[in-house]
Amino acid sequence: MTDKRFIALDTEDARHYRAGGKDANGQVPEPKISEGGAMPCRHCLENIAAGEEYLILAHRPFPMAQPYAEIGPIFLHAGDCPRYADETQIPDMFREWDRIMLRGYGADDRIVYGTGTVVDANELAATADAIMAHPDVRYVHARSAKNNCYQMRIEPAKQHQAR
């Protein structure tokens, strides 16, 4: 098993959205009240509890626009929450899921074809390792298997430390 990091949304991005900054579609994030259930905050990587205020917004988890830079909806606690800190461990939230989609990306931030797969959540770490073993893969995105929504980035530990 490879040493890897499970990387949440950057705190600066979370602050930008919470301050009313525009999302990837040029819109202000929409405030909502959670009904509970599967409402994953991409900053703390925990579900947003029933009754808590959250934001829904369009996010592009890539450094720049290009044909493979997908934009999609994400949830974010409306108030401050601690960024997921224990990057060496799979966030508990994902241990409760049935399935998860994983897809590898190259240094050019484009999909490495043949790396996309949907797996049982208990296979997340081993499958991410297998994808990152591909010589052209620099990092992996974890996405919802049901809705294709971006969840987090996974990359080799040595790569993250060098950034």
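Values for this structure:
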| quantity | calculated |
| --- | --- |
| The chain, dipole about Cα centre (Lys/Arg Cβ +1, Asp/Glu Cβ -1), debye to the nearest 20 | 380 |
| Sequence-distant residues sharing a close amide H with Thr115 (under 5 Å, placed H) | Gly104 |
| 5 angstrom amide H check on Arg5, placed H, neighbours 5+ away | Glu155, Ala157 |
| Anchor Lys4: lysines whose Cα lies under 16 Å away (excluding residues fewer than 8 positions away in-chain) | Lys158 |
| Distance in nm between pseudo-label sites at Ala133 and Ile33 (7 Å out along the Cβ direction from Cα) | 5.0 |
| Reported label for calculated log10 I(q)/I(0) by the Debye sum over Cα atoms at q = 0.10, 0.21 Å⁻¹ given [x] -0.53, -1.23; [y] -0.34, -1.53; [z] -0.47, -1.23 | [y] |
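Read-outs: derived from the displayed coordinates by stated rules, not from any lab. All values reported here derive from a predicted model rather than from experimental measurement. So basically every Cβ, Gly included, is an ideal-geometry build from the backbone, and we count neighbours across all protein chains shown.
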